[in-house]
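Colleague: Sharing a structure here in structure tokens format.
Each value in this text was obtained by applying a stated rule to the coordinates, not by laboratory testing. In this text the structure is predicted, and so the values were computed from the model without any measurement. Counting neighbours? That spans all protein chains shown, and the Cβs are built from the backbone with ideal geometry, glycine included.
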Amino acid sequence: MRALFRSRATKRDYLSDALALLSEWTREGEQIRRTLVIDDSQHAALTERVKVVADALRLRPEISRSADRTQIRLGHRGDDEPLGEGEVLLAARIEDAYRAVTDS
């Protein structure tokens with residue numbers, strides 16, 4: 001679902017509301033991140049699903065693996081680019097993918 005924005009303030013409110021629904025994600029400036037405890041095969045499946053959605057949205061998430069944890073970062077690092085609706089949409093799709101790979 002797409003929402004039309006009349007002002008930048010309204011867009012910020014929308015993003016804040018959307019981020020509040022992504023309770024497992026934490027915000028750090030203009031980035032959001034999530035750490036998932038999954039095994040190697042789940043990591044591979046999740047990464048493939050995320051790549052498809054990220055390519056469609058023209059976004060580049062940072063996905064790293066350490067021991068049994070997968071860390072995902074979305075947003076902009078080191079520049080003044082604000083966190084946008086694309087990153088929030090990708091985070092929601094990552095949550096869907098996470099549920100899909102852990103439920104099987």
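Colleague: May I ask you to compute the full-extension gain from Ala100 to Leu59, defined as 0.36 nm times their residue separation minus their alpha-carbon distance, rounded to one decimal in nm?
Modeller: On the way: separation 41, 0.36 × 41 = 14.76 nm, distance 2.12 nm.
Residue separation times 0.36 nm, minus the Cα-Cα distance, leaves 12.6 nm.
Colleague: Write out the trypsin sites (Lys or Arg not before Pro) in segment 24-104 meeting two conditions: DSSP loop, and at most 15 other Cβ atoms within 10 Å of their Cβ. Provide the component values of the computation, followed by the final result.
Modeller: Working: sites: Arg27, Arg33, Arg34, Arg49, Lys51, Arg58, Arg65, Arg69, Arg73, Arg77, Arg93, Arg99; in loops: Arg58, Arg77.
Hits after loop and neighbour filter: Arg58, Arg77.
Colleague: Arg73 to Ser41: FRET efficiency via 1/(1 + (r/R0)^6), r the Cβ-Cβ distance, R0 22 Å, to the nearest 0.05?
Modeller: Working: r = 22 Å, r/R0 = 1.01.
After rounding to 0.05, the efficiency reads 0.50.
Colleague: Convert each backbone phi in segment 60-74 into a coupling constant with the Karplus relation 6.51 cos²θ - 1.76 cosθ + 1.60 (shift: θ = phi - 60°), then list the ³J(HN,Hα) values in order as whole Hz, x for Gly and Pro.
Modeller: With coefficients 6.51, -1.76 and 1.60, one gets 10, x, 9, 10, 10, 10, 8, 6, 9, 10, 10, 10, 10, 10, 10 Hz.
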